[in-house]
Amino acid sequence: MGWLNGLLDGSLIAGGAFLIIGIVGAVLLLLSLLLGGVFDAFDFGDGPLSLTTIAAFTTIFGFTAFACVGSGVPTGLSGVFGALAGVVGALIAWWLTRVIRSAESTTAVSSGQLTGQNAVVVLGIPGGSGLGEISLVRNGERVSLSAVSAQEIPSGARVRILETITPTSVLVEPLPDAAAAPTPPDGPTA
């Protein structure tokens, strides 16, 4: 008879609705994590209205309210508890997302950062349109790039980057003999 009373006072229906909301939020959160860019059209960036925070709110709201209804808390109060828990959970999800995004690698170099840098030829560069390879230390990490030059440059020679052609290839020129000594390819030694 307990389920009949729950049906008559609305708590069974409300509990079921809260459970469905929680499950939909959990599925949405799981899909957004597993399928990544599939839901980008519905994402509003990394702010408080990102897909991650909305899904976290929905999941926590639904399951908390469902648990409250199941433990005998009135439906309206269960919704309030669920909303409060959902807001706290969404804020934590938003904060965690920002922490994770700020910890992402920043070693990528832009074309403006490479122009004018000195490097060492690792794989000889044939003159004209052939590709060779250069190496330099950038942001504390060794970076290897494909390189082209108007003239042939042998392995071990020091070069200056004139222009970034693509994110992984550059145009270089040999350094004059006077500039050949500054820093080894592994960075400065102290």
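Numbers for the structure displayed
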item: Residue in region 101-129 that is modelled with the highest pLDDT, counting only those that are more than 20 Å from residue 142 (Cβ to Cβ) and surrounded by 11 or more Cβ atoms within 10 Å (Cβ to Cβ); result: 126
item: Filtered residues of region 137-179 (kept if modelled with pLDDT of 90 or more and basic (Lys, Arg)); result: 158, 160
item: Only one of 54, 100, 92, 60 that is aliphatic (A, V, I, L, M) and within 12 Å of residue 18 (Cα to Cα); result: 60
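The values are calculated or read from the model by the stated rules, or taken from the named source; none is laboratory data. A quick note: this is a predicted structure, and the numbers were derived from the prediction, not measured. Neighbour counts are summed over all protein chains in view; Cβ atoms, including those assigned to glycine, are modelled from backbone coordinates with ideal geometry.
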